[in-house]
Structures are given as C-alpha cells and as structure tokens.
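Engineer: Pasting in a structure now, in structure tokens, and then I'll have a few things to ask.
The values are calculated or read from the model by the stated rules, or taken from the named source; none is laboratory data. Not measured: the values here are computed from a predicted model. Here the Cβ positions follow ideal geometry from the backbone for every residue, glycine too, while neighbour counts run over all protein chains shown.
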Amino acid sequence: MKTRKLGTLEVSELGSGCMNMSGNYNPPADVPQCIRTIRTAAENGVTFFDTAEVYGPYINEELVGQALEPIRDQVKIASKFGFAIDGTIALNSRPEHIRIVVEQSLKRLRTDRIDLYYQHRIDPAVPVEEVAGAVKDLIAQGKVLHFGLSEASAASIRRAHAVQTVSAVQSEYSLWTRNAELNGVLDTCKELGIGFVPWAPVGEGFLTGKYDTTTQYVEADFRGGVPRFSKQFMALNMPIIEWLKNYAQTKGATPSQIALAWLLAKGPNIVPIPGTRKEVHLLENLGAAKLNLTDADVQAIDTSLSKFPVYGDRMGAAHMSQIDYTV
C-alpha cells in the first residue's frame, strides 16, 4: 500500500479505526476475532491504527496493544486523551491529567511511545496552548512522537500549532459530512502542512448501502441516538445512498470503496481510518486504494451529491455540544 504523511509522520494511505471493536456500534466483539482483523490489516499493508482511552473505556487500547505488540516497530499507533472517564462525558485536558493518563495508555498499549497523541476534544476550561505545551513535554521525553487534535476549529489548530507542531487533525469527514470543507479546517491543515484524518469515512456505515429505515439498532449502538440515523431523517437521506450505489456500479466498485477513494482523491495529506470488526469488510475497504478517481470523477461526484441535502445532526446533542467552534 502507498504511504502518506501526516506532517512528518509516514503512514499507510488507509488506516484502521479500531473504536467499533469495543462497543459504540454493537456490543464488544470477541478479542480473537478483532486481533485477527487487526493483524490481517497489517499483513495487507496498513501501518496506522487508531484507538483512544475512552473507547470501551480502556479495553480498546488493551486490544490494540495485544494485537500489535509482535509487530510494534512496523506500525504507528494513534491514541487520544481528554475525557474524564468518570461515568460522564466530561472533558479533562488539564496538563496534570494528561501526564497521568499517558502513562496508563502506554501500559495498555504495551509500548514505550505513542506515535500520534490527539486531544480528543478541545476543553474550553483549559487553553489549548497549555495542552500543546503538556504534549510538547511528553514529546521531549520520548513518550509521544507527534501531537494531534480532534474536532478542533481552525482557530484552535493555529493556536496549538504555534506552541507545538500539530501533525494531524482528526474530524468527521465523508460524502455526507463535509463541515471540514466549510469551516476552514481543511484549508488550515493544507496551509500549515498538517495531515487530516477523516473519522467515520463511510458515514458510520450509511455509505456502505447496508442501512435503511428498517434497520434496528441494538442498545449498545450509539447510532440509535444520532438524529440522521432516525427513521424520519434516514428516509430523507436515502437518495444519497441510492445515487452512490448506482455510481459505484459504473466503476465496478462498492459504495464504501467509492466513499474512501473520494477521500483519498481530495488531497495527499488525507488519511481515512475506516473501521470494521470483520476481515471481509476490511479487505473490501482496502480495495479502495486500488481505485484511482480522476479530478473529473471527483467533480462529478461532488456536483451530483450537492443536489441532495443531508438531514439530521451527525451526533447526539451531548456530543455535538463538545465540538469546538472557537474563532
């Protein structure tokens, strides 16, 4: 697989988002199955694996650490800090908290360094400059190699970058979530030489074409509380996936492969991190790297999908309240 750079961090052009292996979309999968999927990804050229302490919580980092320990020097691991993890979804990016949780993450990941350490959400109670300074110290100690931000505004990115180089920004970005194009984040990353990592690159499953108004979500699946996955808004959003299915057929591809190839074609600094528990879906996703969408293809996709509004917020109200809109 080809590689790309997130700042100076070189990774495979498609990464692996590991969150859904420990819940969020369904009850946690069995550990052996997930380990097989992670190692199959590595065997097929994936070198970039994404986790966070809050996934599970904690058990996702443990899973990733166990799976990658035998090949640790061949891969790059990204993790995240910034939640209190106290039974709420409260934020905590105080420097003293960061210094504690990084040690815990290192232990769970079975490693002596985290290749890319993101602030999971901007904490309005802690200036981002202080957060960047705390991570700068961890980089000086060799415990962290690169600094990242997640769901940060363009202004926050600039402020953090002035203290410690930001290697990557992670935000939701896909064919049906395009806020990063409108709020200056993509432009800021391009200007400053920062990599961009789209999470939910296949629309939390919607862009696979396997979900519709009849889909029932189990209690553990957070999509049950996401407005755009409600039956009301799903019905209004179906024209998007119907168009995508038809377009994918013309390319001999699946809808998810088109969604991922579109992201890869959007810029050389973009590294999507699709997530799956199943090897068959993993291999389908990796097939996107073999598709070469031309500028004309991308323009055709953008023009066609611009005719279809997207209905419903991309997260529930509590999580939407934690998105950074600092100007």
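Engineer: So, restricting to helices (runs of 4 or more DSSP H) that lie completely within region 118-196, which ones have at least 3 residues that are among the hydrophobic types (A, V, I, L, M, F, W, C)?
Structural biologist: 128-140, 154-161, 185-192
Engineer: Can you give me the number of residues within region 206-222 that are surrounded by 20 or more Cβ atoms within 10 Å (Cβ to Cβ) and assigned to a helix (DSSP H, G or I)?
Structural biologist: 3
Engineer: Anything in region 235-262 that is under 19 Å from Pro201 (Cβ atoms), free of Cβ contacts under 8 Å to residues at least 40 places away in the same chain and assigned to a helix (DSSP H, G or I)? List them, or say none. Break it down into steps so the answer makes sense when it comes.
Structural biologist: Restricting attention to region 235-262, the residues satisfying the condition of being under 19 Å from Pro201 (Cβ atoms) are 237, 240-241, 243-245, 247-248, 251, 253-262.
With free of Cβ contacts under 8 Å to residues at least 40 places away in the same chain added as a condition, the list becomes 241, 245, 248, 253, 257, 261.
Within region 235-262, Ile241, Lys245, Ala248, Gln257, Ala261 qualify.
Engineer: Determine whether Asn24 is within 17 Å of the chain's Cα centre (by Cα) and over 16 Å from Gln119 (Cα atoms).
Structural biologist: Values: within 17 Å of the chain's Cα centre (by Cα): yes; over 16 Å from Gln119 (Cα atoms): yes.
Criteria met by Asn24.
Engineer: Follow-up question, since we're still on this one. Residue check: is Glu191 at pLDDT 95 or above, out of contact with any His (no Cβ under 9 Å at 6 or more places or on another chain), acidic (Asp, Glu) and under 26 Å from Val102 (Cα atoms)?
Structural biologist: Details: at pLDDT 95 or above: yes; out of contact with any His (no Cβ under 9 Å at 6 or more places or on another chain): yes; acidic (Asp, Glu): yes; under 26 Å from Val102 (Cα atoms): no.
Judged against the criteria, Glu191 is not a match.
Engineer: Next question, about the same structure. Counting only residues that are modelled with pLDDT of 95 or more and surrounded by fewer than 15 Cβ atoms within 10 Å (Cβ to Cβ), how many does region 2-31 have?
Structural biologist: Residues flagged as modelled with pLDDT of 95 or more and surrounded by fewer than 15 Cβ atoms within 10 Å (Cβ to Cβ) within region 2-31 amount to 4.
Engineer: Going through Leu282, Leu305 one at a time, which residue ends up being more than 25 Å from Gly224 (Cβ to Cβ), touching a residue at least 40 places away in the same chain (Cβ under 8 Å) and of a type outside the set (Asp, Glu)?
Structural biologist: Details: Leu282 fails: more than 25 Å from Gly224 (Cβ to Cβ).
Residue meeting the stated conditions: Leu305.
Engineer: Could you please find all residues in region 146-177 being farther than 18 Å from Gly7 by Cα and under 14 Å from the mean Cα position of the chain (by Cα)?
Structural biologist: Across region 146-177, the qualifying residues are Glu172, Tyr173, Ser174, Thr177.
Engineer: Continuing with the same structure: When region 39-92 is examined, which residues are found to be among the acidic types (Asp, Glu), in contact with a helix residue (DSSP H, G or I) (Cβ under 8 Å, 6 or more places away or on another chain) and either closer than 18 Å to Leu14 by Cβ or not in a helix (DSSP H, G or I) (or both)? Lay out the reasoning, then the answer.
Structural biologist: Taking region 39-92 first, the residues among the acidic types (Asp, Glu) are 43, 50, 53, 61-62, 69, 73, 86.
Those left that are additionally in contact with a helix residue (DSSP H, G or I) (Cβ under 8 Å, 6 or more places away or on another chain): 50, 53, 61-62.
Hits for region 39-92 are Asp50, Glu53.
Engineer: Now a separate question. Any residue at all in region 49-58 that is of a type in the set (Phe, Trp, Tyr), touching a Pro at 6+ places or on another chain (Cβ under 9 Å) and touching a residue at least 12 places away in the same chain (Cβ under 8 Å)?
Structural biologist: Within region 49-58, none of the residues are of a type in the set (Phe, Trp, Tyr), touching a Pro at 6+ places or on another chain (Cβ under 9 Å) and touching a residue at least 12 places away in the same chain (Cβ under 8 Å).
Engineer: Taking the condition surrounded by 14 or more Cβ atoms within 10 Å (Cβ to Cβ) and either out of contact with any Gly (no Cβ under 8 Å at 6 or more places or on another chain) or farther than 23 Å from Pro27 by Cβ (or both), does Asn246 pass?
Structural biologist: Against the criterion (surrounded by 14 or more Cβ atoms within 10 Å (Cβ to Cβ) and either out of contact with any Gly (no Cβ under 8 Å at 6 or more places or on another chain) or farther than 23 Å from Pro27 by Cβ (or both)), Asn246 does not qualify.
Engineer: Could you grab me the full set of residues in region 138-169 that are surrounded by fewer than 24 Cβ atoms within 10 Å (Cβ to Cβ), among the β-branched types (Val, Ile, Thr) and touching a Gly at 6+ places or on another chain (Cβ under 8 Å)?
Structural biologist: Selection gives Val163, Thr165.
Engineer: Sort out which residues of region 101-117 are of a type in the set (Ser, Thr, Tyr) and part of a loop (DSSP other than H, G, I, E, B), and write them in order of number.
Structural biologist: Thr111
Engineer: Can you pull out the residues in region 1-25 that are within 18 Å of Leu282 (Cα to Cα), in contact with a Lys or Arg (Cβ under 8 Å, 6 or more places away or on another chain) and not charged (D, E, K, R)?
Structural biologist: Val11, Ser12, Asn20, Met21, Tyr25
Engineer: Show the residue pairs that are 6+ apart or on different chains and have beta-carbon atoms under 9 Å apart, the first residue being within region 101-115 and closer than 12 Å to Glu69 by Cβ, the second being surrounded by fewer than 21 Cβ atoms within 10 Å (Cβ to Cβ) and among the aromatic types (Phe, Trp, Tyr).
Structural biologist: Pairs that qualify, where the first residue is closer than 12 Å to Glu69 by Cβ and the partner is surrounded by fewer than 21 Cβ atoms within 10 Å (Cβ to Cβ) and among the aromatic types (Phe, Trp, Tyr), are Arg108/Tyr58.
Engineer: Could you list, in sequence order, the residues of region 1-38 that are in contact with a Phe, Trp or Tyr (Cβ under 7 Å, 6 or more places away or on another chain), under 22 Å from Leu149 (Cβ atoms), not in a loop (DSSP other than H, G, I, E, B) and not aliphatic (A, V, I, L, M)?
Structural biologist: Ser12, Ser16, Gly17
Engineer: In region 263-281, what residues are assigned to a helix (DSSP H, G or I), closer than 23 Å to Ile240 by Cα and in contact with a helix residue (DSSP H, G or I) (Cβ under 6 Å, 6 or more places away or on another chain)?
Structural biologist: Ala265
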